[in-house]
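Worksheet: the structure to be examined is printed underneath.
Bear in mind these aren't lab numbers, they're just calculated from the coordinates by the rules spelled out. It should be emphasised that the depicted structure is a prediction, and the values quoted were computed from it without experimental measurement. Ideal geometry is used to build each Cβ from the backbone, glycine not excepted, and the neighbour counts take in all protein chains shown.
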């Protein structure tokens, strides 16, 4: 696929200047089949979009599955309460009265891939993140930013590092979420502690720029170094750019801290 900018826009800043981004360890094999990763040339954030050509297939499959589900539910309408049959499982998620724990706006879920929506409703954090991204972007489902944010928060609350990172980018940019540097910092830190390279890079940037915390270039160097060790090119460049701003002793201490650092269990 050429690296020219695609027709869609960055979900973080709205820019249309996107380029293909290479596979990252946190992307997951299944998502890499159906989604293509891009990096924004303006804000530097990564996002994933449904691979061109799959949208028609997914939409057609969802329509057929919805028709089958509706027919099955209709055939099973036998109820002691005046003939009101119980709706299909995916339909029940669309009704706030059916499940008080469902995120607001979850009625948009049936318009997305039915299997994905069902998995999200059952608590699969990866499915919740994918559904949230779909609803935020409007690709593959009717756009519903509030519901999308709710699903991403659900996934992040379960300790899923990728969702925590995505939530951090939303709060950092203020797009589709409240702009809050402290919230962005907190979510980046939780994901970074699980060795999420993008989150480590973003956390390093916040330390370098003094966003939500005082400027600390030694800690910025530490997090850049950890991300660079995973092949993150921007983190490598950012780390090297700090060499002139730190003393040899500070660089050595940061390198030792990086060597001794170990990933932490998921924080929920």
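Find how much the distance from residue 260 to residue 16 grows on full extension, using 0.36 nm per residue of separation minus their present alpha carbon separation; answer in nm with one decimal.
83.8 nm
Could I have the simple spin-label model distance between residue 213 and residue 146, label points 7 Å from Cα toward Cβ, reported in nm to one decimal?
3.4
R0 = 22 Å: FRET efficiency of residue 180 with residue 233, Cβ-based, nearest 0.05? Could the numbers behind the result be given before it?
Working: r = 28 Å, r/R0 = 1.28.
After rounding to 0.05, the efficiency reads 0.20.
Report the extension gain between residue 253 and residue 241 in nm, rounded to one decimal, defined as 0.36 nm multiplied by the number of residues separating them, less their alpha carbon distance.
Working: separation 12, 0.36 × 12 = 4.32 nm, distance 1.69 nm.
Contour length minus the Cα-Cα distance gives 2.6 nm.
For a footprinting-style exposure proxy, rank 166, 251, 215, 11 by other Cβ within 10 Å, fewest first. Please report the intermediate quantities before stating the final value.
Details: 166 29, 251 17, 215 13, 11 25.
Starting with the residue having the fewest Cβ neighbours, the order is 215, 251, 11, 166.
Just grab the label-to-label distance for residue 157 and residue 122, each label 7 Å out from Cα along the Cβ direction, in nm (one decimal).
Each label point lies 7 Å from its Cα, and together they span 2.1 nm.
Let me check against my output: what whole-number percent is the relative contact order of the stretch 180-262, with C-alpha pairs under 8 Å and at least 6 apart?
On the way: 100 pairs, mean separation 19.7, N = 83.
It comes to 24 percent, rounded to a whole number.
As a footprinting exposure proxy, order 139, 207, 221 by other Cβ within 10 Å, with the fewest listed first.
Numbers: 139 17, 207 22, 221 28.
Ranking 139, 207, 221 by Cβ neighbours within 10 Å, fewest first, gives 139, 207, 221.
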